[in-house]
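Asker: One structure coming up, written as structure tokens, with questions to follow.
Any read-out appearing in this document is the output of simple, stated calculations on the displayed coordinates, not a laboratory observation. Since the model is a prediction, treat every value here as computed from it, not as a measurement. Don't worry about glycine lacking a Cβ; one is built from the backbone with ideal geometry, like all the others, and counts go over all protein chains shown.
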Amino acid sequence: MIEIDGKSRKSIYEQVVRGIKEQILSGIIAPESRLPSVRELSKELTVNPNTVQKAFRHLESQGYIYSVSGVGSFAHSPLDIQPDEGMIAQVTAQIRDDIRELRMIIPDRHRFESIITSLLSEVRESHSDESSAIESRHAVQTHTNTSKDSQ
């Protein structure tokens, strides 16, 4: 379930995009599974259908989902999602600026490095959990497909 925070700085559209990305990357939404329709999801989240449609278009342009005309939208496998190099450069620049800003706020080098190390550990841990879930799903799918092929 995607959580929409009306008090968030992020727009509802951005929250929908992020929520679906997180679910795909964590394996909550299995590869090749059908997503709810725009109407279903907008009703579930109590948001405007145009917002959900915009989020779906964005997710499709980034390769997280694909649409089959008359059938619906489906999740790509995280292993098949190609990173957007422009977005990587943009986010990298943002992180660099944020780290520089943090360094100016924290004059104590050891405290600064401790915070950065802690943040990196958090990210590694969450990424490791997501990767494990993805790899497990992929192994199950591969085994299932191999079993079907041998029958």
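Asker: Provide the per-residue ³J(HN,Hα) series for the stretch 79-90, in order, calculated from phi with Karplus coefficients 6.51, -1.76, 1.60 and θ = phi - 60°, each as a whole number of Hz, with x at glycine and proline positions.
Answerer: Calculated HN-Hα couplings, in order: 5, 9, 7, 8, x, 7, 4, x, 5, 4, 4, 5 Hz.
Asker: Can you work out the FRET efficiency for the pair MET1 and GLU60, with r the C-beta to C-beta distance and R0 = 35 Å, to the nearest 0.05? Could the numbers behind the result be given before it?
Answerer: Values: r = 21 Å, r/R0 = 0.61.
Working from the Cβ atoms, E equals 0.95.
Asker: Then there is this: Pairs of Cα atoms under 8 Å, at least six residues apart: use those to get the relative contact order of the stretch 53-124, whole percent.
Answerer: Worked out over the stretch 53-124, it gives 16 percent.
Asker: Give me the three principal axis extents of the stretch 1-82 from the C-alpha atoms, as integers in angstrom, largest value leading.
Answerer: Dimensions of the stretch 1-82 along the principal axes of its Cα atoms: 34, 26, 20 Å.
Asker: Another one. Starting with the highest mean, order 1-10, 47-56 by the number of other Cβ atoms within 10 Å, averaged over the residues of each peptide. It would help to have the intermediate numbers written out before the result.
Answerer: Working: 1-10: 9.8, 47-56: 18.3.
Listed from highest to lowest mean packing, they are 47-56, 1-10.
Asker: Just to check I understand the Karplus step: with θ = phi - 60° and J = 6.51 cos²θ - 1.76 cosθ + 1.60, what whole-Hz values come out for the stretch 19-25, glycine and proline as x?
Answerer: Coupling constants for the stretch 19-25: x, 5, 4, 4, 5, 5, 5 Hz.
Asker: Additional query: Given a Förster distance of 41 Å, report the FRET efficiency between ARG103 and SER69 from their Cβ-Cβ distance, rounded to the nearest 0.05.
Answerer: Details: r = 51 Å, r/R0 = 1.24.
Plugging the Cβ-Cβ distance into 1/(1 + (r/R0)^6) gives 0.20.
Asker: When only Cα pairs under 8 Å and 6 or more residues apart are kept, what is the percent relative contact order across the stretch 43-93? Kindly include the intermediate steps, with their values, before the conclusion.
Answerer: Working: 28 pairs, mean separation 11.6, N = 51.
Normalised by residue count, the contact order of the stretch 43-93 is 23 percent.
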